[in-house]
Amino acid sequence: MNTVETEAIVLNTRDYGESDRLITFHTSARGRLRGIAKGARRSRKRFANTFEPCSLVELTFREKKSLVWIEAAKLLEPHLFLRTDIVLWGYAALVSEIVMEMVPEGEGQPELFLLTKETLTQLSQDKDPLNVVLLFLVRFQDNMGYLPALEHCGVCKRELKASTRWCWHMNQGKLVCAEHCSMHDGFLTLDLGTLLLIQQCRKLPLNRMWRLRFIHDKKIPLFYGLLEWVRSHIGKDLNSMKLLKQVHSI
């Protein structure tokens with residue numbers, strides 16, 4: 001069995017058996033993985049404070065056919081600030097849940113790992129966590145290959161700058177101009193400025209992407225539209241949204 005050492009983001013932790021823990025984590029080279037930490041509930045030294053959700057750790061594990069075998073974990077960044085603010089923690093939990101539900105198991109995707117890592121850092125530093133999550137959602141879906149082109153009308157091929165109002169039909173994965181927008185469930189109205197910002201979000205280097213700012217009154221509709229797009233792919237509601245709705249006016 002190969003032994004692997006890697007940075008990992010803890011996504012979920014739960015008890016397993018009498019003394020073990022089952023950990024779901026996100027890595028650069030192996031994507032999403034699940035592993036058993038033997039005796040983690042009894043040992044206060046071996047895995048001390050390393051398996052809190054959203055923590056960045058240095059992980060050593062042995063690869064097996066299904067669950068990996070976690071041998072050691074060293075805490076690199078606990079993101080303590082996120083744990084002191086219930087709203088920030090809600091956003092962090094949302095990011096973790098989306099990664100856990102959508103990132104393929106066992107498939108290395110370094111860009112997705114770096115995006116998740118940087119998102120948690122930005123949530124700890126940025127004064128506008130909703131803007132951070134919106135940038136994450138756009139970039140995440142683009143990296144996953146789920147975000148449509150959004151470059152012109154899917155019917156008449158009209159270019160973006162030819163119109164100020166657009167409709168993104170979620171269930172069809174198609175952007176259409178106002179002339180071809182039929183008012184039914186599953187569409188999101190977008191203005192030209194938001195679409196141009198989305199294009200920048202897709203193309204800019206990650207370290208520059210965080211400078212982008214969505215217009216205040218456009219954030220909530222876009223947030224729910226992008227989450228509906230996520231829900232349609234995973235086939236269920238996101239549990240973390242229940243917490244966010246309780247503690248934050250979104």
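The values are calculated or read from the model by the stated rules, or taken from the named source; none is laboratory data. Here the structure is a predicted model, which means the values were calculated and not measured. Cβ atoms come from the backbone with ideal geometry, glycine included; neighbour counts cover every protein chain shown. We work out accessible area using only protein heavy atoms, side chains counted, and drop any ligands, DNA or RNA first. Shrake-Rupley method; radii C 1.70, N 1.55, O 1.52, S 1.80 Å.
Looking only at the range 25-48, how many residues end up being in contact with a Leu (Cβ under 6 Å, 6 or more places away or on another chain) and open to solvent by 20 Å² or more (accessible area, probe 1.4 Å)? Total meeting the criteria: 1. Restricting GLU97, GLU101 to those that are out of contact with any strand residue (DSSP E or B) (no Cβ under 7 Å at 6 or more places or on another chain) and either surrounded by 18 or more Cβ atoms within 10 Å (Cβ to Cβ) or on the phi > 0 side of the Ramachandran plot (or both) reduces the list to GLU97.
Residues in the range 77-111 that are under 13 Å from the mean Cα position of the chain (by Cα) and among the small types (Gly, Ala, Ser) were compared, and the one that is nearest to ALA8 (Cα to Cα) is SER96. Residues of the range 42-58 that are under 24 Å from the mean Cα position of the chain (by Cα), within 14 Å of LEU22 (Cα to Cα) and not polar (S, T, N, Q): PHE51, GLU52, PRO53. Do we have any residue at all in the range 209-223 that's aromatic (Phe, Trp, Tyr), without any contact (Cβ under 8 Å) to a residue 24 or more places away in the chain, closer than 22 Å to ASN171 by Cα and surrounded by 12 or more Cβ atoms within 10 Å (Cβ to Cβ)? For the range 209-223, residues aromatic (Phe, Trp, Tyr), without any contact (Cβ under 8 Å) to a residue 24 or more places away in the chain, closer than 22 Å to ASN171 by Cα and surrounded by 12 or more Cβ atoms within 10 Å (Cβ to Cβ): absent. Each residue in the range 153-162 was checked for being surrounded by fewer than 17 Cβ atoms within 10 Å (Cβ to Cβ) and not β-branched (Val, Ile, Thr), and 5 pass. Scanning the range 91-120 for residues that are of a type in the set (Gly, Ala, Ser) and within 17 Å of LEU227 (Cβ to Cβ) yields ALA92, ALA93, SER96.
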